Amino acid sequence: MQSIGIDLGAKQSHLVLANDQAPMQTLSLPTATLGAWLRTQPRSRVVMETCTQSRAVARAALAAQHE
């Protein structure tokens, strides 16, 4: 299973993707697009910091069938 670590920012968020099948990847995305991006990813474990946006991103991750 893929793991996605998210460092949430007000405008830009930084992500790390890790799994046993591929090298670790890092990327930056506009925070407003995280929900749409999560819907494009295979079932994953999502880990993020606690902040103002974390509840909304957690709901988007759960809606996209992530842990």
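The values are calculated or read from the model by the stated rules, or taken from the named source; none is laboratory data. Given the structure is predicted, the values throughout are model-derived calculations rather than measurements. A quick note on method: Cβ atoms are made from the backbone with ideal geometry, for glycine too, and the neighbour counts reach across all protein chains shown. Each accessible area value is taken on the protein alone, full model and side chains, heavy atoms only, with ligands, DNA and RNA left out. Shrake-Rupley method; radii C 1.70, N 1.55, O 1.52, S 1.80 Å.
Tabulated values for the structure
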{"read-out": "Apportionment of accessible area to carbon and sulfur, the chain, percent (1.4 Å)", "value": "54 percent"}
{"read-out": "Long-range amide H partners of residue 2 with built H, under 5 Å", "value": "45"}
{"read-out": "Relative contact order of the chain, pairs being alpha-carbon contacts under 8 Å that are 6 or more residues apart, as %", "value": "34 percent"}
{"read-out": "Dipole of the chain, positive direction: furthest Cα of 18, 50, 62, with charges on the beta-carbon", "value": "62"}
{"read-out": "Cα long-axis angle, helix 54-63 against the chain (0 to 90 degrees, to the nearest 10)", "value": "50 degrees"}
{"read-out": "Percentage, to the nearest whole number, of Cα pairs in the chain over 16 Å apart", "value": "39 percent"}
{"read-out": "Helix-only mean residue ellipticity at 222 nm for the chain, each DSSP H run of n ≥ 4 adding -39500 (n - 2.57), per residue, nearest 500", "value": "-6000 deg cm²/dmol"}
